[in-house]
């Protein structure tokens with residue numbers, strides 16, 4: 001059995017293993033509704049009234065179209081010196097969740113990516129490599145070039161989906177045990193206002209800002225609770 005056949009046979013367990021790994025890796029899975037990030041502002045001036053402001057639209061094609069018309073559902077998370085507020089508004093109405101920082105028992109920040117998409121991308125890449133090696137061994141590249149290109153394009157699409165399907169969570173838990181927060185992910189089609197960070201790459205920028213935001217939130221929670 002040649003190298004190309006071995007690579008081809010490795011594709012199936014690779015894809016299957018990736019699927020089951022992504023299904024069973026619940027420690028970093030973030031569930032619940034996710035918004036598409038549109039604005040992420042941080043003000044590290046301790047005397048500012050609003051320290052963190054995050055907003056986003058509903059995910060999906062319908063959410064994008066309604067957003068273009070100015071009637072889509074939007075969600076915002078705001079941290080001030082004394083409270084955290086999460087608001088959702090749209091055609092159906094508006095709901096606000098307000099948590100005084102003095103009543104926060106814990107804060108949470110995390111991110112996750114769908115590993116299944118990565119393994120599928122690797123599987124398509126492996127199939128393309130197997131066909132390429134077999135073609136170079138004697139079958140002829142001309143007759144297999146189109147197939148290789150299609151496999152690489154499909155694998156590239158799954159890789160992009162993996163890279164841009166990252167979810168980021170910012171939330172708190174109240175003393176009564178209720179979680180309040182926002183889950184968001186970046187958008188390929190929309191620019192995001194991020195202040196002085198705009199020159200940096202979007203793939204790492206939002207995670208770094210999320211860590212800064214949770215650090216500011218922790219500082220304010222500690223400040224108000226020590227003041228009691």
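Taking other Cβ within 10 Å of each residue's Cβ, how do 40, 124 sort, fewest first?
Exposure proxy ranking, most exposed first: 124, 40.
Label residue 47 and residue 218 with points 7 Å out from Cα along Cα→Cβ: what is the distance between them in nm?
2.6
Between residue 160 and residue 227, what length comes free when the chain is fully extended (0.36 nm per residue of separation minus the Cα-Cα distance, one decimal in nm)?
Taking 0.36 nm per residue and subtracting the Cα distance, the gain is 19.4 nm.
Roughly how many nanometres apart are two label points built 7 Å out from the Cα toward the Cβ at residue 153 and residue 80?
According to this spin-label approximation, the distance is 5.3 nm.
Simple spin-label model, 7 Å along Cα-to-Cβ: residue 62 to residue 174 in nm?
With each label placed 7 Å out from Cα toward Cβ, I get 3.0 nm.
Values in this text are rule-based calculations from the coordinates and carry no lab data. Keep in mind the model is a prediction, meaning the values are calculated, not measured. FYI the Cβ positions are ideal-geometry reconstructions off the backbone, even for glycines, and counts take in every protein chain you see.
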